[in-house]
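Below is one structure, written out as structure tokens, with a few remarks after it.
The values are calculated or read from the model by the stated rules, or taken from the named source; none is laboratory data. For clarity, every value in this text was computed on a predicted model and none was experimentally measured. Here the Cβ is made from the backbone with ideal geometry for all residues, glycine too, and neighbour counts use every protein chain on show.
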Amino acid sequence: MASARSTVLRLYRDILRRGRHWKDGTEPAEARYIVEEARKLFRRNKDLDDQKAIHDKIKECESRVELAEHYGNPYPRMYYAQPGVIYKSGNRARKKINPDYMHSYYDEDEFGLNDAKDTK
């Protein structure tokens, strides 16, 4: 298996290339978002030492690239579940679902998602 460093560099180059050629230049705002988001997240995670954390970030990156290609939309997709499915019994708070491709958003708490607490 390739080293984590070579995998990360390959992913970074691939994402920058996809940003430059996103929809043949017809969506410059989306292309700019791809490049800026990649730079921001790769720089934030450049000092990771834990192999599991590195592997998780690589998996997140690959998932986001696949979702962007599949849906033609580079912006992250929030997880959806039917409202009645994700509630715990009793008077507990709503259960937080954290899909692999959203870890960076939960880490930085950009959307205030870490505020949900599981009360008893």
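Summed over segment 17-35, the residues that are surrounded by 15 or more Cβ atoms within 10 Å (Cβ to Cβ) and assigned to a helix (DSSP H, G or I) give a count of 8. Under the condition of being more than 14 Å from H103 (Cα to Cα) and outside any helix (DSSP H, G or I), the residues counted in segment 43-67 number 5. Here are the criteria: (1) in contact with a Leu (Cβ under 7 Å, 6 or more places away or on another chain); (2) modelled with pLDDT of 90 or more. Tell me which single one A68 does not satisfy. All conditions are met except number (1). Report whether or not A38 is surrounded by 13 or more Cβ atoms within 10 Å (Cβ to Cβ), more than 18 Å from S104 (Cβ to Cβ) and in contact with a helix residue (DSSP H, G or I) (Cβ under 7 Å, 6 or more places away or on another chain). Criteria not met by A38.
The residue pairs whose first member lies in segment 40-63 and is more than 15 Å from P76 (Cβ to Cβ), whose second member is small (G, A, S), and whose beta carbons are closer than 6 Å, counting only pairs six or more residues apart or on different chains, are I54/A4.
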